[in-house]
Amino acid sequence: MATKSQAKPIFFLLVFVSSLIGISKAGGIAIYWGQNGNEGNLTATCATGKYAYVNIAFLNQFGNGSTPGINLAGHCNPASNGCAFFSSQIKSCQRLGIKVMLSIGGGAGSYSLASKADAKNVARYLWRNFLGGSSRSRPLGDAVLDGIDFDIELGSTQHYDDLARYLSAHSKRRRKVYLTAAPQCPFPDAFVGAALNTGRFDYVWVQFYNNPQCQYASGNTTNLLNSWNTWTSSINAKKIFLGLPAAPAAAGSGYIPPKVLTSQILPVIKKSSKYGGVMLWNKFYDDSNGYSAAIAASV
């Protein structure tokens, strides 16, 4: 038995360890930013303290011999190199410990990978223009993003596994290239299923919306929870996130009222060691609905 003088250090050590365990089980919120000019800039987005991850959306033109192109809606004009000023804002987010990704793909655009060589060329372009490489034409300035998010919803389903391997090959001990993905909840995802099977992805924010067979609807959590279990038991990724619309208008279906989310869904899925948090589409809708604020304490 410890003496009185020994008991204090042991007590505080146990408190410290318990706090670390609590932190390890806590999740964060990932947000998509870039598709509405009325959602505020990146500095303001990160300064809210709500988000642990920001996906800049989208690089929606790449591959198959095309000239890569970024579309940030009303935020800037990339054609005139008008988005480079976001470099300082990206760095301000990173100084707060927030990981900032470039999301490639999206629901509208022109993109595909024609071959393994094409995937290698796209990986080289991403490395030089958004990550740790160098280029005279970096669309977002000299900020080094933390990684690449795969939100592939169009075109060919081929060679995204090659792209993931080429990108992850740039990871170094002192500068990791994070890979994330936003597959649809029907398993396996038609577009990035093969890429996810490479085991190179750190965070996977599954879109549990616009897919009735695996989302919440009318008080029924069964389809969503069954799908969650499939994803967490089948994908070799560091963390899996529950991807949701941040307001009813943000998606065609799948919105979950905050009280339902915090009382019936999060307590269940947080039991998984793969639980990483919640992903929201998108910043504009979160601003209008206050969704992240409503769920922050439970994430």
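The values are calculated or read from the model by the stated rules, or taken from the named source; none is laboratory data. For clarity, every value in this text was computed on a predicted model and none was experimentally measured. Every residue, glycine among them, receives a Cβ derived from its backbone with ideal geometry; neighbour counts consider all protein chains shown. Side chains are part of the model used for accessible areas, which takes the heavy atoms of the whole protein and leaves out ligands, DNA and RNA. Shrake-Rupley method; radii C 1.70, N 1.55, O 1.52, S 1.80 Å.
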query = If you plug each phi of segment 182-193 into the Karplus form 6.51 cos²θ - 1.76 cosθ + 1.60 with θ = phi - 60°, what whole-Hz ³J(HN,Hα) values come out, in order, with x for Gly and Pro?
reply = 10, x, 6, 6, x, 9, x, 5, 5, 8, 10, x
Hydrodynamic radius by Kirkwood, which averages 1/r over all alpha carbon pairs of the chain, in angstrom = 19.9 Å
key: Cα-Cα over 27 Å, subset of Lys91/Lys270; Lys91/Lys116; Lys120/Lys283; Lys91/Lys259; Lys50/Lys116; Lys50/Lys238   = Lys91/Lys270; Lys91/Lys116; Lys120/Lys283; Lys91/Lys259; Lys50/Lys116
key: Fraction of accessible area attributable to carbon and sulfur, segment 230-286 (%, probe 1.4 Å)   = 55 percent
request  = Calculate for the chain the 222 nm mean residue ellipticity that helices alone would give, adding -39,500 (n - 2.57) per DSSP H run of length 4 or more and normalising by residue count, nearest 500 deg cm²/dmol.
outcome  = -9000 deg cm²/dmol
key: Linear extension gain, Lys271 paired with Ser233, 0.36 nm per residue minus alpha-carbon span   = 12.4 nm
message = Once you keep just the Cα pairs under 8 angstrom separated by 6 or more residues, what percentage relative contact order results for segment 194-299?
response = 31 percent
query = To the nearest 10 degrees, how steep is helix 222-234 against the longest Cα principal axis of the chain, on a 0 to 90 scale?
reply = 80 degrees
Debye intensity ratio in log₁₀ form over the Cα atoms of segment 152-279, taken at each q of 0.11, 0.15, 0.23 Å⁻¹ = -0.39, -0.70, -1.37
task = Run through the DSSP bridge list for the chain and note the antiparallel percent, rounded to the nearest 5.
result = 5 percent
ask   = Across segment 236-245, in residue order, what do the Karplus-derived ³J(HN,Hα) couplings come to in whole Hz, using 6.51 cos²θ - 1.76 cosθ + 1.60 with θ = phi - 60° and x for Gly and Pro?
value = 8, 10, 4, 9, 10, 10, 8, x, 9, x
request  = Enumerate the amide H contacts of Val206 below 5 Å, restricted to partners 5 or more residues apart or on another chain; note that Pro and chain-start residues carry no placed amide H.
outcome  = Phe241, Gly243
note = Charge tally for neighbours of Ser103 with beta carbon under 10 Å away, counting Lys, Arg as +1 and Asp, Glu as -1, is -2
query = Computed over the Cα atoms of segment 124-212, what is the convex hull's projected area averaged over all directions, in nm²?
reply = 6.4 nm²
task = At 1.4 Å probe size, with no ligands or nucleic acids counted, give the accessible surface of Trp281 in Å², nearest ten.
result = 50 Å²
ask   = Can you give the relative contact order of segment 26-150 as a percent, counting alpha carbon pairs under 8 Å and 6+ residues apart?
value = 28 percent
message = Just want to confirm a number: the relative contact order over the chain, from Cα pairs under 8 angstrom separated by 6+ residues, in percent.
response = 17 percent
inquiry  = Between segment 261-299 and segment 101-128, what is the separation of their alpha carbon centroids in Å?
reply    = 29 Å
query = Ratio of segment 43-201's C-alpha Rg to 2.2 N^0.38 Å, to two decimals?
reply = 0.99
inquiry  = What figure, in Å² to the nearest 10, do you get for the accessible area of Tyr285 with a 1.4 Å probe and non-protein molecules left out?
reply    = 60 Å²
query = Using a 1.4 Å probe, what is the accessible area per residue for segment 69-116, in Å²?
reply = 42 Å²
query = Per-residue accessible area for Met101 at 1.4 Å probe radius, Å² rounded to 10?
reply = 0 Å²
